[in-house]
1. Determine whether A:Ser6 is within 12 Å of chain B (Cβ to nearest Cβ), more than 15 Å from the ligand (Cβ to nearest atom) and either buried (at least 24 other Cβ atoms within 10 Å of the Cβ) or small (Gly, Ala, Ser) (or both).
2. Just give me the residues in the stretch A:104-149 being among the charged types (D, E, K, R) and either closer than 27 Å to B:Ile60 by Cα or buried (at least 24 other Cβ atoms within 10 Å of the Cβ) (or both), in sequence order.
3. Do we find that B:Gly77 is away from every other protein chain (no Cβ under 14 Å) and either farther than 30 Å from B:Val183 by Cβ or at pLDDT below 95 (or both) in this structure?
4. Keeping to the stretch B:98-143, report how many residues are surrounded by fewer than 18 Cβ atoms within 10 Å (Cβ to Cβ), small (Gly, Ala, Ser) and under 17 Å from B:Trp280 (Cβ atoms).
5. Looking at (1) away from chain B (no Cβ under 14 Å); (2) under 25 Å from B:Leu88 (Cβ atoms), can you tell me which one A:Ile173 breaks?
6. Just to check your reading of the model, which residue among A:Ile26, A:Ile35, A:Ile45, A:Ile40 is more than 18 Å from A:Ala76 (Cβ to Cβ) and hydrophobic (A, V, I, L, M, F, W, C)?
7. Would you please name the residue that is farthest from the other protein chains (Cβ to nearest Cβ), looking only at residues in the stretch B:194-220 that are among the hydrophobic types (A, V, I, L, M, F, W, C) and assigned to a helix (DSSP H, G or I)?
8. On the given criteria, is A:Val30 aliphatic (A, V, I, L, M) and over 22 Å from A:Lys186 (Cβ atoms)?
Amino acid sequence: MKKVFSRPKSIKKNPFHYCPGCGHSIIHRVIGEVIDELGIQEITIGVPPAGCAVLAYFYFDVDMGEASHGRAAAVATGLKRALPDRIVFTYQGDGDIAAIGTAETIHAASRGENFTTIFVNNGVYGMTGGQMAPTTILGQNTTTSPGGRKERRDGFPIPLSEMLAVAKGSAYIERTAVNSPSNILKTKRAIEKAFRAQMRGLGFSLVEILSPCPTNWKMSPVEACHWIDEVMVKHFPLGVIKDITGEKKDVN
Amino acid sequence: MRGNHVIAEAAIRAGCRFYFGYPITPQNEIPEYMSERLSKIEGGVFIQAESEIASIHMVIGASMAGGRVMTSSSGPGISLKQEGISFLSALELPAVIVNMSRGGPGLGNIAPSQSDYFQATRGGGHGDYRTIVLAPNSCQEAGDLTYKSFDLADKYRIPVLILGDGMLGQMMEPVELPPEIPVKRLPPKEWTITGAKGRPSRFIRSLILDPFEEEEHNWKLMRKYEKISKEELLWETFSIEDAKMIVVAFGTAARIAKGAIKRVREEGLKVGLFRPISLWPFPTKILKEISRKVKHLFVFEMNMGQMVEDVKLAVDGGAEIHFYGRPGGIIPTPLEISRIISSYYYQKKLG
Ligand code: SF4
């Protein structure tokens, strides 16, 4: 029988610990497929975060070096500057990158550090039990914004990708989602483009991925996917935010 | 050469090719020198980071990649680096960190002080760990110890701290610099993450959720620290053979104390000096042996009394300990210290 679907080579056999319906599993797989297709497994180094994906080194079959909470961009800077011919990517959640690690991220983008960041935005602190994140949208209920996020008390959510697009050193920034097959394919193409930008030495690249967290959103996986379409994308519109690669645009 | 420049040049000669830092007085000559020097070396990397926190994590990245790497700062900046120093310790990554300490707490001032002894020797960050701490007291020794630090860091896979102060950093003395090590000739490291070419992939992490595994990791670190405590002790003694009283001091304070001892010796007082050079591991055993013969130890520090605790632990009640400290960035003169030493000497009826 012809094999039409299998585990990417760059993903280990370990079963994922993520909750049912969680976007992390899909995103891991998609990154693994891209690494395989680009043939860069042996030269890729990943930097996992603190957060739900803290154990990412059990899943990616590439060299991985742990960063403390929010410092992935600094660790990746050290790695990539020391090994400029390797492909370096960070994998970070919203709290990691847009709260505690904002300074590291903005400055890495500004310096045009030539690595790729996968930014998983699910609007909550997942691992610690669903507290308000820098990307929690106004009105969204979390354990630290009961009754919904209010701008007077909690401030506005941070549009980090748009902010990074302003940085002169960023080369490619796109926001995608993993709530439908077509969005997953777009995510895969975006990650591939980001990695290719790095391979060409163009500077900082980032893909922000709107990702369901059914557990802390207190929804079924299906409801969570709908909520991304119906609510989340209104605050975080999908699409290419910055592109200096000169590559032809995907027809969406 | 100026102390800060000596440290930077010695680092380069030891094969350091990566420097990440953030400006703070009184150590700015180190990043300035590194910036200039590393820009002229192939593969040399200098980044002035956005913060101390970022710079220490860049150190982590370059160390994971196998490079010899350094950062430097002063007290307030070292406080910020503590997160990364804890991670370096947990991840067992080599790195050299220089602290040209100053008067504190808070912003304090930029004058020479030894206020960071506790921070340096007790780990400083979170968790159960130790770092090697070396305290030079001359430009020559600053160069020699910096050079040695890179070997120690690689040998034990541990962060090594150089603890100095503004006086050491700013003063100028003639020095003989160590020979340049070709980076290619440094021993290979088997644990780095460089891309899994021709081998299984590996990862470096500090998260160990299973308490039994974390305990095992802690014991492993402990065994390493015990080995270092036996094998990497450094100290200097001066005029202790006939001494009835010994001054215990490190770094700049020891330099002042030596001047004071020379003065009181001229007056016939039998006073010697014990100078710990490795502050961690602290030369406990040798000090204990000395305290069997000499019953009066005079601890002098440029702080409110920090190393004195290690001295007390070392002699374990076996000698009488007197403490004299000057915090806040005050540098007493050898004359002042000689008067205080001799008044204590006569008070104890040693002369
Ligand atoms: S808490 Fe949310 S983000 Fe974390 S694994 Fe579960 S679903 Fe995924």
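The values are calculated or read from the model by the stated rules, or taken from the named source; none is laboratory data. Note that this is a predicted model, so its numbers are computed, not measured. Here the Cβ positions follow ideal geometry from the backbone for every residue, glycine too, while neighbour counts run over all protein chains shown.
1. On the way: within 12 Å of chain B (Cβ to nearest Cβ): no; more than 15 Å from the ligand (Cβ to nearest atom): yes; either buried (at least 24 other Cβ atoms within 10 Å of the Cβ) or small (Gly, Ala, Ser) (or both): yes.
Judged against the criteria, A:Ser6 is not a match.
2. Correct list: A:Glu104, A:Arg111, A:Glu113.
3. Considered against the rule, which asks whether it is away from every other protein chain (no Cβ under 14 Å) and either farther than 30 Å from B:Val183 by Cβ or at pLDDT below 95 (or both), B:Gly77 comes out as no.
4. Adding up the residues that qualify gives 1.
5. (2)
6. Exactly one residue qualifies, and that residue is A:Ile26.
7. Once the filter is applied, the top-ranked residue is B:Trp219.
8. Spelling it out, it is not the case that A:Val30 is aliphatic (A, V, I, L, M) and over 22 Å from A:Lys186 (Cβ atoms).
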